[in-house]
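> I have a structure I would like to understand better, so I am pasting it below and will then ask my questions one at a time.
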Amino acid sequence: MWETCSYMGVVIGEEMFRRYLSIFSRSNRTHYVPEVIVEASGSKVRSASGKYFLDLSSSGATMIVGYNHPKVVEAVCSQARRVLHYTYMYGMNFPALELGEKLLEITGVEDGKILYGLSGSDASESALMLVKAWSGNDLIVSFEGDFHGVFDLSASSSCIDLERQVCEAVNCGKAVACLPYPDPYRCPFGDVDDCGREAVKFMKAFVDELVEKRVQPAAFIVEPLQGDSGIVVPSEGFLREVKKQAERVNAPVIVDEIQTGLGRTGKWFAYQYDGIEPDLVLLGKPLGGGLPLSAVVGKAEIMDSLPTMSLAFTLSGNPVACSAGLATIRVIEEEGLVERAAYLGYKALKELRDFARKHPLVGDVRGKGLMIGVDLVKDPETKERAVDEAKKVVYRAYQLGVLVLSVNGNVLRIQPPINISEELLMEGINILEQAIEDVENGAVGDEALKVVVGW
């Protein structure tokens with residue numbers, strides 16, 4: 001299907017690293033593998049060196065129906081031939097309207113409205129501005145390990161070390177309370193019988209204090225399944241408790257589905273596992289089918305709480321991106337991919353957990369649907385994060401023809417396209433398992449640490 005060829009004389013490897021480091025701000029990117037991707041199709045990509053790779057990352061969980069799905073490409077090309085852009089900020093275009101109506105349908109937000117942006121971070125930022133305006137309050141309640149974005153409010157509401165460092169440097173908004181997130185593997189309360197129960201108990205006591213002091217938060221914001229903290233699956237029913245406690249102080253609930261949305265976890269949205277109705281839903285990553293597009297879907301009274309044009313982006317609602325987004329959703333519907341993600345996730349989790357029982361480097365395997373984390377540890381008892389070993393696994397998998405990312409230092413992030421074939425998925429997992437075994441056996445040297453930076 002593809003011809004092997006050079007790419008505009010590009011030199012890869014160390015020279016490519018040098019050129020990237022000399023041109024791009026480190027605040028904007030990181031490194032995993034020394035390849036320049038020039039073509040892609042389905043679940044595979046081809047590099048400028050002529051090598052082919054199975055991508056278990058979907059390019060950072062964005063290519064949810066695979067690379068260059070014919071129906072998405074046709075939607076993009078068809079719209080591009082008509083008009084590349086006519087801003088919905090000042091006027092109207094059909095794709096923005098059609099996609100907006102579809103998002104209201106699949107999210108189920110009653111009396112809802114939409115706003116568009118270009119990335120998950122601006123969706124989060126916009127939602128936080130809206131709830132502050134609607135409530136007249138400042139306090140945002142978030143959860144340890146949540147990552148909501150890289151702008152002022154979204155960064156300050158991201159209770160992870162990286163964004164705390166950012167906020168110390170630029171003095172982000174400070175009115176944020178970070179409550180414990182019920183991580184069953186690394187419970188913040190230590191060795192307890194029920195981490196979820198302890199997290200709910202803590203949250204309830206916190207809200208009791210808010211009620212006593214007559215403090216009303218602007219909102220609760222939560223990831224229904226944490227992504228960049230290491231694919232952390234909370235205890236069952238946690239979101240229901242978040243909603244319940246937020247209602248006690250009349251605070252809206254923002255559910256961040258930027259990484260989990262559009263079928264990734266085996267449901268259209270991960271909040272559906274707990275059967276709640278969010279007040280606002282954040283969408284990004286896969287929404288544009290590979291093009292820059294984000295959205296906030298929320299209740300009209302909150303969505304209209306700021307003045308006309310106060311959250312306007314000239315390129316938002318781009319008709320090409322919206323056409324790609326609508327085509328992506330239709331592919332998911334027509335091919336039954338939500339159910340398929342659930343099925344393939346079950347198969348993948350079973351295989352990985354069977355493997356983990358025989359390999360001490362694997363401390364935990366967790367996930368929902370095709371959003372899976374493999375937690376690598378130096379010692380199964382202490383659960384010390386095996387950061388260097390994770391980098392070596394990423395590098396070895398790359399050598400064996402599979403692309404996988406690591407997050408929070410030591411967690412392998414498995415998020416392939418949800419239309420990947422079962423055969424190809426299992427082949428990729430078997431290769432990943434081989435890479436883990438090779439690292440355990442000392443077959444991967446420290447040269448990998450010079451290539452894989454990760455985060």
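The values are calculated or read from the model by the stated rules, or taken from the named source; none is laboratory data. Small disclaimer: the values here were computed from a predicted structure and weren't measured. Cβ atoms come from the backbone with ideal geometry, glycine included; neighbour counts cover every protein chain shown.
> Only one of (1) in contact with a Leu (Cβ under 9 Å, 6 or more places away or on another chain); (2) surrounded by fewer than 24 Cβ atoms within 10 Å (Cβ to Cβ) is not met by residue 412, so which one is it?
Condition (2) is where residue 412 drops out.
> Here is a further query. Going by what's in this entry, would residue 241 be described as touching a residue at least 12 places away in the same chain (Cβ under 8 Å), over 20 Å from residue 365 (Cα atoms) and either surrounded by 24 or more Cβ atoms within 10 Å (Cβ to Cβ) or not β-branched (Val, Ile, Thr) (or both)?
Judged against the criteria, residue 241 is a match.
> Taking the range 367-397 as the region of interest, how many residues are over 19 Å from residue 426 (Cβ atoms) and either in a loop (DSSP other than H, G, I, E, B) or not hydrophobic (A, V, I, L, M, F, W, C) (or both)?
Going through the range 367-397 one residue at a time, the tally reaches 15.
> Being assigned to a strand (DSSP E or B), in the same structural domain as residue 370 (by TED's automatic domain parsing) and modelled with pLDDT of 95 or more, is that true of even one residue in the range 55-62?
Yes: one or more hits.
> Sticking with this one: Within the group 135, 124, 142, which residue is of a type in the set (S, T, N, Q) and touching a Cys at 6+ places or on another chain (Cβ under 8 Å)?
Just a single option satisfies the conditions, and that option is 142.
> Between a first residue in the range 361-374 that is under 20 Å from residue 62 (Cα atoms) and a second residue that is buried (at least 23 other Cβ atoms within 10 Å of the Cβ) and among the polar types (S, T, N, Q), which pairs have beta carbons less than 6 Å apart while being 6 or more apart in sequence or on different chains?
Listed pairs, sorted by first residue: 368/265; 369/265; 371/265; 371/415.
> For residue 78, indicate whether it is on the phi > 0 side of the Ramachandran plot, in contact with a helix residue (DSSP H, G or I) (Cβ under 9 Å, 6 or more places away or on another chain) and at pLDDT 90 or above.
no
> Would you list the helices (runs of 4 or more DSSP H) that sit entirely within the range 152-239 and hold 2 or more residues that are out of contact with any Asp or Glu (no Cβ under 6 Å at 6 or more places or on another chain) and at pLDDT 95 or above?
Qualifying helices (runs of 4 or more DSSP H): 195-213.
> Okay, moving on. Taking the range 134-192, which residues are over 27 Å from residue 385 (Cβ atoms), of a type in the set (Asp, Glu) and surrounded by 18 or more Cβ atoms within 10 Å (Cβ to Cβ)?
none
> Of all residues being surrounded by fewer than 15 Cβ atoms within 10 Å (Cβ to Cβ) and of a type outside the set (Ser, Thr, Tyr) in the range 374-391, which is nearest to the chain's Cα centre (by Cα)? Just the residue, please.
Ranking the qualifying residues of the range 374-391, first place goes to 384.
> Is it true that some residue in the range 189-211 is touching a residue at least 60 places away in the same chain (Cβ under 8 Å) and within 26 Å of the chain's Cα centre (by Cα)?
no
> Among all residue pairs at least 6 apart or on different chains, which show Cβ distances below 9 Å where the first residue, located in the range 266-281, is on the phi > 0 side of the Ramachandran plot and without any contact (Cβ under 8 Å) to a residue 40 or more places away in the chain and the second is surrounded by 23 or more Cβ atoms within 10 Å (Cβ to Cβ) and not in a loop (DSSP other than H, G, I, E, B)?
Final answer for the pair search is 275/239.
> Same structure, new question: Give the range 338-362 a look and list any residue that's over 22 Å from the mean Cα position of the chain (by Cα) and either under 17 Å from residue 262 (Cβ atoms) or not in a loop (DSSP other than H, G, I, E, B) (or both), or say none.
350, 351, 353, 354, 355, 356, 362, listed by residue number.
> May I pose another question? Is at least one residue of the range 85-99 of a type outside the set (Ser, Thr, Tyr), under 19 Å from residue 222 (Cβ atoms) and surrounded by fewer than 21 Cβ atoms within 10 Å (Cβ to Cβ)?
No, the range 85-99 contains no residue that is of a type outside the set (Ser, Thr, Tyr), under 19 Å from residue 222 (Cβ atoms) and surrounded by fewer than 21 Cβ atoms within 10 Å (Cβ to Cβ).
> Output the residue which, of all residues in the range 65-91 that are among the β-branched types (Val, Ile, Thr) and not in a loop (DSSP other than H, G, I, E, B), is nearest to residue 421 (Cα to Cα).
Taking the candidates together, the pick is 72.
> What pairs can you find where one residue is in the range 84-103 and closer than 20 Å to residue 74 by Cβ and assigned by TED's automatic domain parsing to the domain that holds residue 315, the other is among the aromatic types (Phe, Trp, Tyr) and in a loop (DSSP other than H, G, I, E, B), and their Cβ atoms are less than 7 Å apart, with a gap of 6+ or different chains?
Taking only residues 6 or more apart or on different chains, the pairs are 93/86; 96/88.
> Next question, about the same structure. Within the range 132-188, how many residues are touching a residue at least 40 places away in the same chain (Cβ under 8 Å), of a type in the set (Asp, Glu) and out of contact with any Ser or Thr (no Cβ under 7 Å at 6 or more places or on another chain)?
Summing the residues that are touching a residue at least 40 places away in the same chain (Cβ under 8 Å), of a type in the set (Asp, Glu) and out of contact with any Ser or Thr (no Cβ under 7 Å at 6 or more places or on another chain) in the range 132-188 gives 3.
> Testing residue 171 on (1) out of contact with any strand residue (DSSP E or B) (no Cβ under 7 Å at 6 or more places or on another chain); (2) on the phi < 0 side of the Ramachandran plot, one condition comes back false. Which one is that?
Looking at each condition in turn, residue 171 falls short on (2).
> So, one more: For the range 415-453, name all the residues that are touching a His at 6+ places or on another chain (Cβ under 9 Å), surrounded by fewer than 17 Cβ atoms within 10 Å (Cβ to Cβ) and of a type outside the set (D, E, K, R).
Matches in the range 415-453: 453 only.
> In the range 340-358, what residues are of a type outside the set (Asp, Glu) and surrounded by fewer than 17 Cβ atoms within 10 Å (Cβ to Cβ)?
343, 346, 347, 350, 353, 357, 358 - these are the residues of the range 340-358 that are of a type outside the set (Asp, Glu) and surrounded by fewer than 17 Cβ atoms within 10 Å (Cβ to Cβ).
> Take residue 42 and decide whether it is touching a residue at least 40 places away in the same chain (Cβ under 8 Å), out of contact with any Asp or Glu (no Cβ under 9 Å at 6 or more places or on another chain), surrounded by fewer than 18 Cβ atoms within 10 Å (Cβ to Cβ) and under 16 Å from residue 290 (Cβ atoms).
So residue 42 does not fit the description; no.
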